[in-house]
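Here you go, one structure.
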Amino acid sequence: MEVKISFNYYPHGKKKALTMSYDDGQVFDRKLVEIFNRYGIKGTFNLNSGKFGAEPYVSKDEIKKLYEGHEVAVHTVDHPYLTLIPKEELVYQIMEDRKNLETLVGYQVRGMAYPFGDYSHALAKELKAFGIEYSRTVNSTRSFRIPSNFLEWHPTCHHDQDVIQKLKEFKDVPEWEQMPLFYVWGHSFEFDRNGNWDLIEEFCKMASFDKTVWYATNIEIMDYINALKSLKFSADGSMVYNPSAIPVWIGVDGEPVKIDPGEKIYLK
């Protein structure tokens, strides 16, 4: 008897995912994190370790506790235009930021956002040599598609780009869409500068506690997609093995089926 296999589930059989990404690590992150935590939203915070403690940036002593439950990622030491600096400076800006952040948070920092959104295809290809596995641009796609290249990860939109309307579209994504991902980015200081903290509050409230949505950090999204792609099937499709370190869900005859790390299951 043939079974129909599909690849359209996030963890726990969720059909959609939401992730947030905020840059620079200014003190306004404190309020933003509090809002995220209240509504169960997960975010990635891209930090410039060379600015810690200077006005108006967060201090290094608060990093681990402030961003607990979220992800800390590279934004370079000093926030330069990366396509305009020598190779030696590029190595310093990325590797030193990684080292500084890892010392503070106690886990491997594997993600990044390009300062000023400045990047090139050549630069993106170099990042793996620095232990960077994904990097976010500032190029809005206005779509809910998974990136084809995580080192040139284009977000759905900035929070000032009609984000509430985009959320409504996300909630009404048609069933045939495969693993829609809503990715919002910005800077927390923009809410203070523009006097629109109510915008992110309303967004998080509207987006929160949806049973069809997986709320995840950038690295969690990337790790899951890579684990899903790493599944090993037998030639006749009767067996599947999960060689990754995290559980993965696939669709079997329209129902989500969990495959644990290192597990082999029979599908028919």
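Check whether at least one residue in segment 136-154 is among the hydrophobic types (A, V, I, L, M, F, W, C), crowded, with 18+ Cβ neighbours inside 10 Å, out of contact with any Pro (no Cβ under 8 Å at 6 or more places or on another chain) and part of a helix (DSSP H, G or I), and report yes or no.
Yes: segment 136-154 contains one or more residues that are among the hydrophobic types (A, V, I, L, M, F, W, C), crowded, with 18+ Cβ neighbours inside 10 Å, out of contact with any Pro (no Cβ under 8 Å at 6 or more places or on another chain) and part of a helix (DSSP H, G or I).
In segment 228-268, how many residues are under 22 Å from the mean Cα position of the chain (by Cα) and within 16 Å of GLN178 (Cβ to Cβ)?
6
Which one is surrounded by the fewest Cβ atoms within 10 Å (Cβ to Cβ), of the residues in segment 1-24 that are of a type in the set (A, V, I, L, M) and in a loop (DSSP other than H, G, I, E, B)?
Looking at residues that are of a type in the set (A, V, I, L, M) and in a loop (DSSP other than H, G, I, E, B), I get MET1.
Do any helices (runs of 4 or more DSSP H) entirely within segment 61-131 hold 2 or more residues that are more than 24 Å from GLY186 (Cα to Cα), and if so, which?
87-105, 121-126
Shifting gears a bit: Tell me which residues, restricted to segment 208-233, are touching a strand residue (DSSP E or B) at 6+ places or on another chain (Cβ under 6 Å), closer than 17 Å to ILE41 by Cβ and either free of Cβ contacts under 8 Å to residues at least 40 places away in the same chain or crowded, with 17+ Cβ neighbours inside 10 Å (or both).
Across segment 208-233, the qualifying residues are VAL213, TRP214, TYR215, ALA216, THR217, ASN218, ILE219, ILE221.
Looking at (1) under 18 Å from the mean Cα position of the chain (by Cα); (2) not in a loop (DSSP other than H, G, I, E, B), which is the only condition GLY50 fails?
Among (1) under 18 Å from the mean Cα position of the chain (by Cα); (2) not in a loop (DSSP other than H, G, I, E, B), GLY50 violates only (1).
Which of the residues that make up segment 25-47 are in a loop (DSSP other than H, G, I, E, B) and surrounded by fewer than 22 Cβ atoms within 10 Å (Cβ to Cβ)?
Answer for segment 25-47, where residues must be in a loop (DSSP other than H, G, I, E, B) and surrounded by fewer than 22 Cβ atoms within 10 Å (Cβ to Cβ): VAL27, PHE28, GLY40, LYS42.
Could you tell me whether MET222 is out of contact with any Phe, Trp or Tyr (no Cβ under 8 Å at 6 or more places or on another chain) and part of a helix (DSSP H, G or I)?
no
Then there's this: In segment 161-176, how many residues are outside any loop (DSSP other than H, G, I, E, B) and either exposed (fewer than 13 other Cβ atoms within 10 Å of the Cβ) or hydrophobic (A, V, I, L, M, F, W, C) (or both)?
The qualifying residues number 6.
Every read-out reported here was derived from the displayed coordinates using simple, explicitly stated rules and does not represent laboratory data. No experiment lies behind these values; they were computed from the predicted model shown. All Cβ positions, even for glycine, are placed from backbone atoms using ideal geometry, and neighbour counts span all protein chains on display.
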